[in-house]
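Where a number appears in this text, it was derived from the coordinates with a stated rule and is not lab data. Every value quoted in this text rests on a predicted model; they were computed, and no experiment measured them. Backbone-built Cβ (ideal geometry, glycine too); neighbour counts: all protein chains shown.
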Number of protein chains: 2
Amino acid sequence: MLSFSDRLALAIAEKRTPVLVGLDPRWAQLPVSFTDGVGEPTEFDFAEAYSRFCHEVIDVVAPLVPAVKPQAAFFEQCGPDAMRALSGVIRYAQSKGLVVILDGKRNDIGSTAAAYAAGLLGRGSSPWSADALTVSPYLGDDSLAPFIETAKERDAGVFVLVKTSNPGGKLFQDLIADGKPVYRHVAEWVESASRDALPPRSPNPYSCVGAVVGATWPKQLAEMRQTLRSCWLLVPGYGSQGGGAKDVAGAFDERGMGAVINNSRGIIFAHKKPEYAKFGEKKWQQAVEAATLDMIDALAAETTAGKLR
Amino acid sequence: MLSFSDRLALAIAEKRTPVLVGLDPRWAQLPVSFTDGVGEPTEFDFAEAYSRFCHEVIDVVAPLVPAVKPQAAFFEQCGPDAMRALSGVIRYAQSKGLVVILDGKRNDIGSTAAAYAAGLLGRGSSPWSADALTVSPYLGDDSLAPFIETAKERDAGVFVLVKTSNPGGKLFQDLIADGKPVYRHVAEWVESASRDALPPRSPNPYSCVGAVVGATWPKQLAEMRQTLRSCWLLVPGYGSQGGGAKDVAGAFDERGMGAVINNSRGIIFAHKKPEYAKFGEKKWQQAVEAATLDMIDALAAETTAGKLR
């Protein structure tokens with residue numbers, strides 16, 4: 001199997017866009033056909049609807065984008081049946097040629113971190129089979145190392161939270177220590193680990209160790225592109241959280257590579273947005289397709305991702 | 001239902017000890033009776049063995065201690081069947097009178113954090129039904145608030161990571177910003193949120209918002225007891241990670257309340273330790289009982305928890 005980084009680069013080159021579609025199923029926002037006739041949903045109802053909905057989103061976006069990002073929380077919210085459904089969704093996306101980044105933000109002390117990595121990371125070599133996983137850095141280097149080791153062994157990837165997209169992210173991430181913010185300390189460790197993980201003589205400048213930097217901080221995003229030279233950037237916060245195509249321009253290298261830009265609600269629940277309401281609840285998949293194409297066009301127009309076209 | 005904090009205080013008073021038994025099933029360390037005859041274990045084998053093992057640990061410790069702490073990672077490692085088993089283990093522990101703190105170290109941005117809280121937190125009111133959950137602070141205040149809100153609504157509890165027990169915890173937690181370490185900034189926010197969560201005129205000085213502070217940093221633990229005046233402290237790192245009874249003395253208030261001290265491997269896999277090897281693999285439950293009683297005695301001898309006896 002190719003490395004995670006090479007799989008992601010190839011998928012972006014093939015689809016000619018860095019759009020990452022977030023799979024965040026929420027019961028109240030599903031098209032009515034998924035919830036109609038269900039009274040008080042049971043755990044099985046949630047699992048069934050989330051599975052079917054995500055499969056049908058994947059059917060629309062798989063020809064258009066390189067990767068999807070299921071959010072573990074929305075599945076875990078609904079219990080073990082839904083966590084089984086998540087595993088099926090990941091495998092289905094992979095069967096359709098998509099790279100799957102599982103958004104779990106997991107972490108723990110070393111030997112326990114290794115257990116999360118073993119369970120979640122690795123296409124075809126773990127119960128959940130994700131190509132990559134998001135992880136949280138608060139527990140430090142010995143908590144991040146097991147994820148990186150597992151990623152190397154299984155040709156998978158890791159995205160470490162550096163600067164998150166939510167307004168409250170600044171509370172601790174922006175504290176200034178030794179003249180620079182905490183997130184920059186984290187970024188420097190991540191870049192060092194990422195550089196160490198680069199295969200020798202690889203033509204691909206990015207390794208299996210990436211970073212999460214929010215679209216809601218355009219200046220810091222451009223600054224992080226410079227710091228995190230060996231890292232894929234996973235950029236959340238586009239669309240519903242307020243980031244636009246111009247805001248993420250700084251995430252890319254001059255070839256339009258080096259970043260994937262996530263949009264969850266703005267794509268999968270596009271039928272709820274005024275600009276796509278014309279499709280109606282029944283043609284919700286056409287709304288998903290239109291929103292995806294519009295985002296592809298916006299990134300191509302406003303960023304170096306246009307060079308991929 | 002009583003509040004989480006009152007349930008925990010009552011359980012400690014009733015069992016007269018603050019020992020918290022960590023449920024960290026690991027296949028390679030299970031007593032041979034759980035793994036004998038299983039070749040290459042399937043996901044079902046893992047789930048079955050972990051469920052049975054944890055039930056049998058609970059049978060031994062339920063009369064002796066107030067609470068248990070299942071580690072989500074070891075169940076998630078083994079797939080959806082094991083995550084279902086975890087839910088059963090939590091309910092069984094509660095049926096035996098134990099308070100259950102689920103160690104998940106979850107977090108995400110606000111609306112997603114709310115999904116984790118909805119799925120994991122709340123005895124009898126969520127799929128996993130935990131009395132309390134550990135959460136990570138890197139994403140800031142708006143990521144912690146949804147857990148605290150859900151805890152209040154469901155009479156559950158939250159333990160925020162402040163100073164973790166692993167050696168690498170210091171990498172980012174001990175960075176000095178504005179003259180004090182990052183973990184102290186986190187602690188001050190947590191204490192403020194905890195104080196806000198205290199019910200008016202409660203005789204119990206601790207609220208539903210607690211903190212995790214490792215036994216491996218005795219000086220900081222005593223300092224955190226002073227800072228986190230409204231917080232239950234969850235103290236990991238006793239035993240296998242090197243902390244002893246004297247090291248955790250600073251975690252308690254003068255009544256022997258205010259903290260629970262976790263021991264996982266040192267209790268549940270006691271039959272592997274030289275001092276309890278005399279029981280042998282077959283009498284592993286007697287080793288669990290002996291190790292639990294020894295820890296109860298050590299804390300009673302070396303800390304104010306002795307006043308509970």
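A few notes on this one:
- Counted by neighbouring Cβ atoms within 10 Å, the residues B:Ile261, B:Ile101, A:Ile109 run from fewest to most as A:Ile109, B:Ile261, B:Ile101.
- Relative contact order of chain A, pairs being alpha-carbon contacts under 8 Å that are 6 or more residues apart, as %: 19
- Residues with amide H under 5 Å from that of B:Leu23, placed H, sequence gap 5 or more: B:Lys69, B:Gln71
- Among beta bridges that DSSP assigns inside chain A, antiparallel share in %, nearest 5: 5
- Convex hull volume per residue, computed on the Cα atoms of region B:159-309, equals 114 Å³.
- Reducing region B:27-101 and region A:230-266 to their Cα centroids gives an inter-centroid distance of 41 Å.
- Label-point spacing for A:Lys282 across the identical copies (point 7 Å from Cα in the Cβ direction), in nm and ascending order: 7.2.
- Shortest-first distances to equivalent copies, position A:Lys180, nm, label 7 Å out along Cβ: 2.6
- Here B:Ala28 and A:Glu223 are evaluated by their C-beta separation; at R0 = 56 Å the FRET efficiency comes out at 0.80.
- Span-rule helices in chain B, defined as complete DSSP H runs reaching 30 Å or more along the axis (Cα) with Kyte mean at least 0.5: none
- Amide H partners (placed H, <5 Å) of A:Ala215, local residues excluded: A:Gly237, A:Tyr238
- Note on region B:98-217: Cα convex hull, mean projected area over all directions, 8.2 nm².
- With only the Cα atoms considered, the protein assembly as shown has a convex hull volume of 145 Å³ per residue.
- Cα pair distances of region A:1-153 binned at 5 Å [whole percent]: 2, 10, 19, 20, 19, 15, 10, 5, 2, 0
- Taking amide H atoms as placed 1.01 Å from N in the peptide plane, the amide H of A:Val99 lies under 5 Å from those of A:Ala67, A:Val68, each 5 or more residues away in sequence or on another chain.
- Ranked B:Phe75, B:Phe269, A:Phe4, criterion: other C-beta atoms within 10 Å, fewest first: B:Phe269, A:Phe4, B:Phe75
- Semi-axes of the equivalent ellipsoid for chain B, computed as √(5λ) from the eigenvalues of its C-alpha gyration tensor and ordered from largest down, come to 29, 23, 19 Å.
- Figure legend: label point modelled 7 angstrom from the Cα of A:Glu254 along Cα→Cβ; no residues of region A:279-301 have amide N under 12 Å from it.
- Trypsin sites (Lys or Arg not before Pro) lying in DSSP loop within region B:115-206, provided at most 14 other Cβ fall within 10 Å: B:Arg201
- For chain B, a Gaussian network of Cα nodes joined below 10 Å ranks B:Ala85, B:Ala145, B:Ala11 by mean-square fluctuation, and the top entry is B:Ala145.
- Computed from the C-beta positions of B:Ser202 and B:Ser125 and an R0 of 25 Å, the FRET efficiency is 0.70 to the nearest 0.05.
- Förster radius 35 Å - calculated FRET efficiency between A:Asp142 and B:Glu188, Cβ distance, rounded to 0.05: 0.85
- Teacher prompt: B:Pro199 distances to equivalent labels in other copies, 7 Å Cα→Cβ, nm: 6.0
- Spatially, region B:178-192 and region A:109-123 are offset by 29 Å when compared through their Cα centroids.
- Antiparallel DSSP beta bridges within the protein assembly as shown, as percent of all bridges there, nearest 5: 10
- In units of the compact-protein estimate 2.2 N^0.38 Å, region A:249-291 shows a Cα radius of gyration of 1.50.
- Dividing the mean sequence gap of close Cα pairs (under 8 Å, 6+ apart) by how many residues region A:76-130 holds gives a relative contact order of 29 percent.
- Neighbour counts of C-beta atoms inside 10 Å place A:Val248, A:Val57 in the sequence A:Val57, A:Val248, starting with the fewest.
- Karplus-derived 3J(HN,Hα), 6.51/-1.76/1.60, for each residue of region B:26-41, Hz, glycine and proline x: 10, 3, 5, 9, 4, x, 4, 4, 8, 10, 4, x, 8, x, 7, x
- Net charge of the neighbourhood of B:Val162, taken over other residues with C-beta under 12 Å away and scored Lys/Arg +1, Asp/Glu -1, is -1.
- Reciprocal of mean inverse Cα separation for region A:1-58 (Kirkwood radius, Å): 13.8
- ³J(HN,Hα), Karplus 6.51/-1.76/1.60, whole Hz, each residue of region A:230-238, x for Gly, Pro: 9, 10, 5, 9, 9, 10, x, x, 6
- Helical mean residue ellipticity (222 nm; -39500 (n - 2.57) per DSSP H run of 4+; nearest 500) of chain B: -13000 deg cm²/dmol
- For region B:40-141, the relative contact order comes to 25 percent (Cα pairs under 8 Å, sequence separation of at least 6).
- Cut-off 12 Å, label 7 Å out along Cα→Cβ of A:Lys283, residues of region A:260-277 by amide N: A:276-277
- Rg/Rh ratio calculated on Cα atoms of region B:126-171 (Kirkwood radius): 1.04
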